Each structure stands twice: as structure tokens, then as C-alpha cells.
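Where a number appears in this text, it was derived from the coordinates with a stated rule and is not lab data. Note that the structure is a prediction, hence the values are computed from the model and not measured. Cβ placement follows ideal geometry from the backbone for every residue including glycine, while neighbour counts extend to all protein chains displayed.
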Amino acid sequence: MGTAGHPGSPSRGPSEGSRRDDDVSDTTTTSTDPVPAQSSIPSPPAQGFAGPSADHPLEAGGTDDDDEFTPSVFDGSSIADDRSQRTDSTSLNSSVYEHSFQHGRRYHKFRHGRYPIPNDETEQNREDIAEIHGLDLSPIQPVWVPPNVKFLVDDVEDTWLNGTNFDFVHLRNMVPVLKSPVGLLRNAFEHMKPGGWVELQDVDGQVHCDDGTMPSDWPLVRFTNHLVEAFAKFGTNSHAAVFGRQYLEQAGFVNIQHHTVKLPYGTWPRDKIMRLIGMYYRTACEEFFPVVGAIHFQMLGWSKIEMEVLFAECRNAMRDPNVHAYGMMHFWSGQKPL
């Protein structure tokens, strides 16, 4: 979770240019839960987003060629690895550090002219009045951070003790693991300035398909069905992302906006960017299987062999270009009334 304070409150939602009001698609999905009721509060009109949202079907035609994408100089490890001084986290090409100079000001040289604003210290100090608070249950954050950034170790669902005038509260990949999403949002509401915004970014934990190529017993469908049961044992909802409007309304937020982006299970899309997204999402899923297997599936009484068999089936399924399945990323935002 991240929170930011800055004088003045925005009158429109964050990243509004890529938001749409309640994107909904007629897709095959593993969930039978009702969709939250529509809000009577109008949201700003769509701003011409042309990406892979719910009302833009993905065109198939890709292949399962892992060699299509070569590693980038920016594909190093997380910045959080700076404590170990690993070489793979400091492998940026030296040309990235080069700059150009005009009229006594310093500009970036990589893709020169793409960003027509200086990057020197004068520019960096021009608007350094924002204050960022990051919250986590573990002290796994980078050691070197800007002086206006603070990381706190705490439970976000406990009473907030830091700050009462936040302009922006951001949560990513958190709602499905919260015991009380509405309780957390009410807490955020109480600690925000009038006019401030909250944003939720979460995958809905479902499997979607637009063209009927996904069998009803596809391994990822079975996996997500079991995941619902496993999350319920923790008192959480793996499909919570679809209820963002309901949670935000109950917490008191208005001007609610909703946008979705499709995440292919694999490299089956024709579009190259979507194939790259699919490759990353497939990898994220493959690395997620042992995570939930360690605790969640054991709570369901599964043996290690049973888990490994299902996970292997899921890995193989995501490499089948004939099944055009995808997950859905939900972006919700709401504003505290002025």
C-alpha cells in the first residue's frame, strides 16, 4: 500500500485517461457470484482507451515460442536486492547513465527528446513536497530511498496511526487477502483529505474466455475453483476484485471509476505486446502455484503429490495456444466527497 500527501486535491481520478466506467464483458468465467449493483453516481466518460480491456476481444494467432523475447537491460532483479549488491541488479547498460545538456540544464539521453523536461537536481527538487508512506508486514523494502519516502512495518487492517490528510491511497494485489476490505477502505476514508482518491488494483482470480476454446474442466478452472475454497478458510475472497464498486460505496467514496485489462494465460494472442504480457502472467502463475500449495491447499487436505499433479497440468495448459483463456486485472478508484 502506498499513500501520498500533496497540497491541493485532484478534481478527477488518477490515470483517468486509461479508465472506463464499469467495463463488463460477456465472457466465460469460473465465478457465479453476483456482480455488485451499479452506482447511481456518474463517472467521467471513457477517454479513448484502446487497449485490451473487457470490451476489446483479444485476437488469437500467437505461438508458444519462449525465445521470441530477448532479455532487456532493464530486466534485472528488484531494487530491493540492493542490500545484497548482486551483479544482476546492477547490470544496466552504461549508456543509460549518459545525459545531454541544453541551455545549462541536463536532459536524458536514452531515447533523447522523448521527455522534454530536465532531469537535473533543480528539476528533482522542484516538486519534492509530496510525502510517501509505504506499509508492509515485513521489512523487505529498499535501503536507499528518497528522503520523502517512509516505509512502515504494520498491519494495514489495524488502526491507522500515521497521517490524517492523505491525498491518495493506493493498494495493489491486496483486496483478495483482506479480512475486511470495507473496513480498510473506511479507515482510509477517515484519514484522507476531502477530494482525495483511493485506487485498488487486483486480479479477479477467475478464468475468462471469449471464443469458447476453453474446456469446462480446464486445469486453471479447477485450480481457481479450489482457490476460492482455500481463501475462504482464511476468511478472504479470491474473487474480491470484482466487488470494488460495492466496497468503495460502502466506505463512502463517490465518483467511482472502473477499468479492466486482460491478462492472457500464455502467448496465444496475435498482438506481440499481449504475448509479452501473457508470458509474464504465465510465469507469475507458475511461481504462484507452490506459494498457495505450501499453506492454502494443505488446509484443504491435499497431499503434495495431488498438488504437484494439478500444478503440472496447469503449467502445461498455459502452453496450449489452442485455448484462448485470460485473467482480468481490475482498476477501481473512488473519491472522498469534497
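Would you mind getting me the FRET efficiency between ASP211 and ASN173? Use the beta-carbon distance for r and R0 = 30 Å, nearest 0.05. Show your work: numbers first, answer last.
Details: r = 28 Å, r/R0 = 0.93.
Here the calculated transfer efficiency is 0.60.
Averaged across orientations, what area in nm² does the convex hull of the alpha carbons in the stretch 227-277 project?
On the way: hull surface 21.8 nm².
Result: 5.5 nm².
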Output ordering of 297-307, 235-245, 274-284, 108-118 (per-residue mean of other Cβ within 10 Å, highest first) is 235-245, 274-284, 297-307, 108-118
For PHE168, the residues 5 or more places away or on another chain with a placed amide H closer than 5 Å to its own amide H are ALA4, TRP197
Quick P(r) readout (the stretch 279-331; Cα-Cα; 5 Å bins; whole %) gives 4, 18, 26, 21, 17, 12, 3, 0
Quick calc: nm separation of the 7 Å Cα→Cβ label points for LYS233 and GLU313 -> 1.9
Cα-Cα pairs in the stretch 170-281 separated by more than 21 Å, as a whole percent of all pairs, come to 48
The correct pair for the stretch 202-338, radius of gyration to one decimal and Dmax as a whole number, both in Å and from Cα atoms, is 16.5, 56
Taking placed amide H atoms and a strict 5 Å upper bound, the residues 5 or more places from LEU135 or on another chain that come that close are LEU152
The simple spin-label model distance between SER100 and VAL143, using points 7 Å out along Cα→Cβ, in nm, is 3.6
Quick P(r) readout (the stretch 145-217; Cα-Cα; 10 Å bins; whole %) gives 15, 40, 24, 11, 10, 0
